[in-house]
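Only one structure is covered here, and it is reproduced in the block below.
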Amino acid sequence: MTCVCDIGELSDVRSLYRWAAEHGCRVGYLGADLQNQAVYGATRGPHTRVARDPGSDPHPRALVWQSPLEHLEAGA
């Protein structure tokens, strides 16, 4: 049987770092979830493990929205 993709969530970031050390890979920041918690992940071959940090996201992205009506050309 071929393993195409194996994604699992670990209980905390410390467990993710332990898993990454055991499998010889690095932990990277993936972004924030819908609750604004930072999500970290590590991948080795087809296996990826992720963990959420219970604090708020350390890299918040600014929410920017511009109305298309603000930039209408004259006479349009």
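Rule-based calculations on the coordinates, nothing more; no lab input. Owing to the predicted nature of the structure, the values given are computational and were not obtained by experimental measurement. Glycine also receives a Cβ, built like all others from the backbone with ideal geometry; neighbour counts cover every protein chain displayed.
How about region 4-46: which of its residues are touching a Gly at 6+ places or on another chain (Cβ under 8 Å) and either in a loop (DSSP other than H, G, I, E, B) or not β-branched (Val, Ile, Thr) (or both)?
Once the filter is applied, which keeps residues that are touching a Gly at 6+ places or on another chain (Cβ under 8 Å) and either in a loop (DSSP other than H, G, I, E, B) or not β-branched (Val, Ile, Thr) (or both), region 4-46 yields LEU16, VAL27, GLY28, LEU30, GLN37, ALA38, TYR40, GLY41, ALA42, ARG44.
Taking region 26-67, which residues are among the small types (Gly, Ala, Ser) and under 12 Å from the mean Cα position of the chain (by Cα)?
GLY28, GLY31, ALA32, ALA38, GLY41, ALA42, ALA51
Tally the residues that are among the hydroxyl-bearing types (Ser, Thr, Tyr) and within 28 Å of ALA62 (Cα to Cα), restricting the search to region 12-42.
The qualifying residues number 2.
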